[in-house]
Amino acid sequence: MCGIVGYIGKNNALPFLLSGLSKLEYRGYDSAGVSLIKDGKIECVKTKGRLDVLINKIAETNITGNLGIGHTRWATHGAPLDKNSHPHLSKSRKFAVVHNGIIENYLSIKKILSTNGFEFSSDTDSEVVAHLLELNYSGDVLDAITKTVSGLTGSFALGIICSDHPTELYAVKKDSPLIAGKGNGENFIASDIPALLSETRDVYLLDEGEIVCLTENDIKIYSADKKEVKKEIYHINWDIDAAEKGGFDHFMLKEIHEQPKTVKDTLSSHISDGKIVFDELENILKTPGRIYITACGSAYHTGLAGKYIIEKLAKTPVDVWLASEFRYADPVLSENDLVIVISQSGETADTLAAMREAKSRGVKTLAIVNVTGSSIAREADYVVHTLAGPEIAVATTKAYSCQLTMLYLLAIYFASSKGEISADYEAELCRDLLSLPEKIKQVIDLKDTLKDCAHQHFEVANAFYLGRGLDWCVSLEGSLKLKEISYIHSESYAAGELKHGTISLIEKGSLVIAIATGKHIFDKTLSNIKEVKSRGAYVMLLHPEGMDVGNEVDFSIPLPKINDLFSPSLSVVALQIFAYYMASARGCDIDKPRNLAKSVTVE
């Protein structure tokens, strides 16, 4: 979720670049940099750390120019280091590039570039773009861009400058946000609207695959085949707060809508030709024992789902522990065991302590984190990164979904490594996974239906969530979301436990949210629904489309069909949306709920 800005005009580019990057700080970042052209040469200043570190470094130079690009980076490929910061320069420093997104085929491109004499100074996927532009360049920048982009797989927004063309700023978009702003004797690019609002409110919204060329007095947009495209100017009438949220009322709602992309990015990093690829985990289960998963809050809920899926596919026993319990419980660990720790921030105090406890006993540790260079990422024996990008809202949505996605990938990888599944079944599971982003979009499209149900029930004092198996794991997360942001008391129960005491809480008008996506236990859950209905409950049911639910429920939410193992990724999005609209109807501070912090760094 990097920040991109670019300027061309009659003035010095540097003030806008730094101002624009500061407007994008809310997105989160760990490094920053700028490149400008002066006297036909590209100058570059970049550094890990915050913008003030960059500003201090720039003060020691005389960098200036009327054309420039800037970037704030959230580390994915490569740790937060100076060398991994953007912009990246080509071999002869003819091109400078800033990149938001992920280049999935960067390794194969790197091999091609290496055979053509290019050397690499960073650990990033982004650097290959700068070198590939130079390889494809024969004097025409637009031609070089179209050739380069045609060879890229993944998602990207690119800002590009070329020292041979000091009066032209280029940008291209595919699956990552990018806009072009129109000024008076100056023009701009940015990855998000807030960067531009102090300079202009007239922008061009780029569509997939479009390339834009800006001069100080003109903006031209081209299709992938270099044909000029005519577009209407979009006038922004949002205030700065709304702009940071992309027009959404809250960051949480924006982040819910970002899940198709972040899940796709996380999947794309580890699926290749129908196989799950984790080069960094080779031989991790060479002498397998038990797997322990430890985490806190929502991450713990993903771990519960991971247990079901790993045991189903890899036939390896899995125990799931709350990190705050694991560190004090003196669990029985063996040297061949594996402890998986899950943390969005990579700084969660209890999870970090649990991992250190495991390491102190000589047990291998594998971290699933969203922040490169975090304490957990640095200290774990193995680490895999979710690609959720920075999450602003306290209540997690996209980070949860990406953790869940990573556990799917690991389960299949473990199963394949142990020979528990065939190559054909692995390829089938990969196809199912790759369909998830589009199906998550379909669930998001149900938001008006979920909003209607929420607006009917936002005044309830209590709510109950029911499910079996993976559905129960998801119901725990749905219940937590409702509690976190609406302050409604809610509880989640394994549906089969109703008769063991819980059903005494059900009375006329009780709100029950039931999940029944597992085909083999659908009828069992439906029986439990009948039990609460007979006691006067109002039931909202999430179920696969096409399943007959009869007249047993009051509100039905049909979800796209998917392999049962991956159904949590769909049902949880519906529950996030429902919780959001319950909280919205109650007038709650959704992004900053009371008493909660984004990262819990104390015990």
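The values are calculated or read from the model by the stated rules, or taken from the named source; none is laboratory data. This one's a predicted model, so the numbers in the text were calculated from it and none came from an experiment. Positions of Cβ are generated from backbone atoms using ideal geometry, with glycine treated the same way; all protein chains shown enter the neighbour counts.
Details
- Taken over the stretch 177-222, the criterion of being more than 25 Å from the chain's Cα centre (by Cα) and hydroxyl-bearing (Ser, Thr, Tyr) is satisfied by Ser198, Thr200, Tyr204, Thr215, Tyr222.
Okay, residues lined up against (1) touching a Ser or Thr at 6+ places or on another chain (Cβ under 6 Å); (2) of a type in the set (S, T, N, Q); (3) surrounded by fewer than 18 Cβ atoms within 10 Å (Cβ to Cβ):
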position: Ile376; (1), (2), (3): yes, no, no
position: Thr396; (1), (2), (3): yes, yes, no
position: Phe414; (1), (2), (3): no, no, no
position: Ile440; (1), (2), (3): no, no, no
position: Val443; (1), (2), (3): no, no, no
position: Lys451; (1), (2), (3): no, no, yes
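- Filter result for Glu216 (in a loop (DSSP other than H, G, I, E, B) and surrounded by 18 or more Cβ atoms within 10 Å (Cβ to Cβ)): yes
- The listed residues are Ser490, Ser401, Ser475, and the only one of them that is polar (S, T, N, Q) and either in a loop (DSSP other than H, G, I, E, B) or in the same structural domain as Val277 (by TED's automatic domain parsing) (or both) turns out to be Ser401.
- Selection count, the stretch 111-145, where residues are farther than 21 Å from Ser85 by Cα, within 30 Å of the chain's Cα centre (by Cα) and surrounded by fewer than 19 Cβ atoms within 10 Å (Cβ to Cβ): 2
- Given (1) in contact (Cβ under 8 Å) with a residue 40 or more places away in the chain; (2) surrounded by 15 or more Cβ atoms within 10 Å (Cβ to Cβ); (3) under 26 Å from the mean Cα position of the chain (by Cα); (4) more than 20 Å from Lys173 (Cβ to Cβ), index of the condition Ile240 fails: (2)
- Residue selection: Leu54 satisfies the criterion of being aliphatic (A, V, I, L, M) and either assigned by TED's automatic domain parsing to the domain that holds Thr266 or not in a strand (DSSP E or B) (or both).
- Val203 being more than 30 Å from Pro80 (Cα to Cα), β-branched (Val, Ile, Thr), assigned by TED's automatic domain parsing to the domain that holds Lys230 and in contact with a helix residue (DSSP H, G or I) (Cβ under 8 Å, 6 or more places away or on another chain): yes
- Residue in the stretch 266-287 that is buried (at least 18 other Cβ atoms within 10 Å of the Cβ), in contact with a Phe, Trp or Tyr (Cβ under 9 Å, 6 or more places away or on another chain) and among the polar types (S, T, N, Q) present: no
- Filtering the stretch 493-541 to residues that are in a loop (DSSP other than H, G, I, E, B) and over 30 Å from Lys592 (Cβ atoms) leaves Gly501, Ile506, Glu507, Lys508, Gly509, Ala516, Thr517, Gly518, Ser534, Arg535, Gly536, Ala537.
- Pairs, first on the phi < 0 side of the Ramachandran plot and assigned to a loop (DSSP other than H, G, I, E, B) in the stretch 572-592, second surrounded by fewer than 24 Cβ atoms within 10 Å (Cβ to Cβ) and of a type in the set (S, T, N, Q), C-beta under 8 Å, six or more apart: Ile590/Ser584
- Filter result for the condition that a residue is within 30 Å of Lys519 (Cβ to Cβ) and modelled with pLDDT of 95 or more, over Phe555, Phe566: Phe566
For every residue, the table says whether it meets (1) among the hydroxyl-bearing types (Ser, Thr, Tyr); (2) closer than 19 Å to Lys307 by Cα.
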{"residue": "Ala329", "(1), (2)": "no, no"}
{"residue": "Asn336", "(1), (2)": "no, yes"}
{"residue": "Ile342", "(1), (2)": "no, yes"}
{"residue": "Thr351", "(1), (2)": "yes, yes"}
{"residue": "Gly362", "(1), (2)": "no, no"}
{"residue": "Thr372", "(1), (2)": "yes, no"}
{"residue": "Ser401", "(1), (2)": "yes, yes"}
{"residue": "Thr405", "(1), (2)": "yes, yes"}
{"residue": "Ser416", "(1), (2)": "yes, yes"}
